[in-house]
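The values are calculated or read from the model by the stated rules, or taken from the named source; none is laboratory data. Not measured: the values here are computed from a predicted model. Methodologically, a virtual Cβ is constructed for each residue, glycine included, from the backbone with ideal geometry; neighbour enumeration extends over all protein chains shown. Remember, those area values only see protein heavy atoms, side chains included, never the ligands or the DNA or RNA. Shrake-Rupley method; radii C 1.70, N 1.55, O 1.52, S 1.80 Å.
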Amino acid sequence: MSEVLGLRERKKLRTRHALIAAAIELFVEKGYEQTTVSEIAAAADVSTRTFFSYFASKEDVVFHNSRDGIDRALRVIAERGPGDRAVDLLSRAITSGFAALAVDDQLTREIAPINHLIMTVPSLRARGLLLLFDSQQELAEALHRACPDELNLAEASAAVGAVIGGAKLAAFVSMRHGASPEEMLEAGRQATEFTLNGLRAASQPLP
């Protein structure tokens, strides 16, 4: 029985990946607004009804990995170990996202076209900003809960905003200057480490 369920889950995952790949290819070729859900479904060799069993809209395809990334970071923060400082948790939470990208070729290939869509399609830019704000709020509240004696909510919010905002901006700026997906990731990593180093220095006790 477990093997049958495993096969079923793998088939669902393949269908989901096929829909994502077909959608992104069509968005790049035809434009986001000009691409229909039925065209995406046809390109993935499934029905329109099947598309809606995986995604509620075209927007959801573009942001398909957002919730996974937030949940991964929240798990890291919730698993605080003895002696972990807030900056340690934040560092592991953010770098866990880079680690996930490093082992997923599909996500790496999607970075440039998805970021381009978010920057150029007004509705996607609005959704992206909302998701960014919501995710930062969730992470800030989780960091404060994990380290209430170290950071108040305002300080946790500032730390999360600085790290995530810096990484996102560095990646988008590098993209505008023609960076490859790998170079975009590296820009994000550099910005993350730069900001974390500042937070580490600021959190050191005065002599």
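Listed values, structure above:
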{"item": "Most to least packed among 58-64, 122-128 [average Cβ atoms within 10 Å]", "result": "58-64, 122-128"}
{"item": "Relative contact order (%) - criterion: Cα under 8 Å, at least six apart; region: the chain", "result": "17"}
{"item": "Label-reachable residues, region 10-26, where backbone N falls under 12 Å from a point 7 Å from residue 43's Cα toward its Cβ", "result": "18-26"}
{"item": "The chain - Rg and Dmax from Cα coordinates, angstrom", "result": "19.1, 67"}
{"item": "Three-way shape call for region 78-141 based on the alpha-carbon gyration tensor, with the a/c threshold at 1.5", "result": "oblate"}
{"item": "Mean accessible surface per residue for region 163-207, computed with a 1.4 Å probe while every protein chain stays in place, in Å²", "result": "63"}
{"item": "Carbon/sulfur fraction of accessible area - the chain, other protein chains in place, 1.4 Å, %", "result": "58"}
{"item": "In nm, spacing of pseudo-spin labels at residue 53 and residue 8 (7 Å Cα→C-beta vector)", "result": "1.1"}
{"item": "For region 86-207, projected area of the alpha-carbon convex hull averaged over all directions, nm²", "result": "8.1"}
{"item": "Cα-based equivalent ellipsoid of region 149-188: semi-axis lengths in Å, sorted from largest, via gyration tensor", "result": "29, 8, 4"}
{"item": "Reachable lysines, given that their alpha-carbon falls under 27 Å from the alpha-carbon of residue 12 and they are not under 8 places away in the same chain", "result": "30, 58"}
{"item": "Mean Cβ count within 10 Å, highest first, over the residues of peptides 167-176, 46-55", "result": "167-176, 46-55"}
{"item": "Per residue accessible area of region 1-104, 1.4 Å probe, in Å²", "result": "57"}
{"item": "Computed [θ] at 222 nm, deg cm²/dmol, the chain (DSSP H ≥ 4; -39,500 (n - 2.57); rounded to nearest 500)", "result": "-27000 deg cm²/dmol"}
{"item": "Net charge over other residues, Cβ less than 13 angstrom from the Cβ of residue 161 (K, R count +1; D, E count -1)", "result": "-3"}
{"item": "Alpha carbon centroid spacing (whole Å) that separates region 110-137 from region 2-51", "result": "20"}
{"item": "Normalised alpha carbon radius of gyration of region 31-109 [divisor 2.2 N^0.38 Å]", "result": "1.51"}
{"item": "Rh by Kirkwood over Cα pairs, then Stokes-Einstein D for region 139-207 at 1.002 mPa s and 20 °C, µm²/s", "result": "164"}
